[in-house]
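The values are calculated or read from the model by the stated rules, or taken from the named source; none is laboratory data. Please read all numbers here as calculations on a predicted model, not as lab measurements. Positions of Cβ are backbone-derived with ideal geometry, glycine not excepted, and every protein chain shown enters the neighbour counts. Areas reflect the complete protein model, heavy atoms only, side chains present, ligands, DNA and RNA absent. Shrake-Rupley method; radii C 1.70, N 1.55, O 1.52, S 1.80 Å.
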Amino acid sequence: MAPAMLTARFKQSVTPLALRAYLAEFISTFFYVFAVVGSTMASRKLMSDAATDPSSLTLVAVANTFALSSSIYIAANISGGHVNPAVTFGMAVGGHISVPTAMFYWISQMLASVMACLILKVTTVSQHVTTYAIANEMTGFGASMVEGVLAFALVYTVYAAGDPRSGPLGAIGPLAIGMMGGAMVLAAGPFSGGSMNPALAFGSAVIAGRFKNQAVYWVGPLIGAAVAGLLYDNVVFPGQAPPAPARSNSDVIGA
């Protein structure tokens, strides 16, 4: 019974509609990563000491807000606009997408991130692709906890913005998610980097060839996303809306 069910779910994950969703995730994640990593590289190009300049943090946070909102909006009606493996994981844990579909989403998001960082590396020539790093005074465990809290806030906002019980949010949903992302960058950028997105950290690490503390940007966000999804669906708003149509590919809004 289980193998038959797994086969059926896999077949559902390779339909033309599903392939369109994977392409949409690739495109939206590509532009999101290009904007966020590119803005960090731009700040270092323009400022002699961008690492300690508050305006650099503001620039990256604003870029994160705009890019996240726009990237979600352009993919929301096709793939749900996850743009983030943590969001995909949270949706899979909540039962809103199947595990095979989530794996294909992850592949699309990772490839998009690597391609975006590769293009930044090739086109800027003299610039190094910036990677996410934790502050010297922080431990990996502490940074992972911070990233988990950030991802929780982001994914909880995703659930709330995509909930049909919230009313017809339209473009306000992606904007709310983007604003939460930008706020979290301002709150934790100097400490853990404020990634919230495993694909974002992974792509820049691959191209830069530096994987130090990479687990921080996977363990924390994935746990935070799972807790946010389970809490929203099972504790805060349990069983108050029809489960099936509430979060189809055309209805889910993600980050």
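Output ³J(HN,Hα) for the range 140-155: one whole-Hz value per residue in order, computed from phi by the Karplus curve 6.51 cos²θ - 1.76 cosθ + 1.60 with θ = phi - 60°, and x for Gly and Pro.
x, 5, x, 5, 5, 5, 4, 4, x, 5, 4, 5, 4, 4, 5, 5
Kindly rank 217-229, 76-88 from highest to lowest mean number of other beta carbons found within 10 Å of each residue. Present the calculation step by step, with values, prior to reporting the outcome.
Numbers: 217-229: 23.9, 76-88: 29.1.
Per-residue mean Cβ counts within 10 Å order the peptides as 76-88, 217-229.
Tabulate in residue order the Karplus-calculated ³J(HN,Hα) for the range 229-234, using 6.51 cos²θ - 1.76 cosθ + 1.60 with θ = phi - 60°, rounded to whole Hz; enter x for Gly and Pro.
x, 5, 5, 5, 7, 10
Would you work out if the range 44-195 is rounded, prolate or oblate? Take a ≥ b ≥ c from the square roots of the eigenvalues of the alpha-carbon gyration tensor; rounded if a/c is under 1.5, else prolate when a/b is larger than b/c, oblate otherwise. Intermediate results must be reported in sequence, preceding the final value.
Working: a/c = 1.63, a/b = 1.50, b/c = 1.09.
Cα axes put the range 44-195 in the prolate bin.
Where does the charge balance sit around PRO190 when Lys and Arg score +1, Asp and Glu -1, over other residues with C-beta under 12 Å from its C-beta? Each step should come with its number before you reach the end.
Details: positive: none; negative: ASP53, GLU137.
Within the 12 Å Cβ shell, the charges total -2.
Could you tell me what percent of the accessible area of the chain is made up of carbon and sulfur, with a 1.4 Å probe and every protein chain present?
72 percent
Net charge near SER204, counting Lys/Arg +1 and Asp/Glu -1 over other residues with Cβ under 11 Å of its Cβ?
Numbers: positive: LYS121, ARG210; negative: none.
Counting the neighbours of SER204, the net charge comes to +2.
What list of ³J(HN,Hα) couplings, whole Hz, do you get for the range 31-39 from phi and the Karplus terms 6.51, -1.76, 1.60, once you set θ to phi - 60° and write x for glycine and proline?
5, 5, 5, 4, 5, 6, 5, x, 5
If you count only protein heavy atoms with a 1.4 Å probe, what accessible area per residue comes out for the chain, rounded to a whole Å²?
Working: 11730 Å² over 255 residues.
That works out to 46 Å² per residue.
Suppose R0 equals 51 Å. What FRET efficiency, 1/(1 + (r/R0)^6) with r the Cβ-Cβ distance, do VAL99 and THR123 give to the nearest 0.05?
Values: r = 37 Å, r/R0 = 0.72.
Here the calculated transfer efficiency is 0.90.
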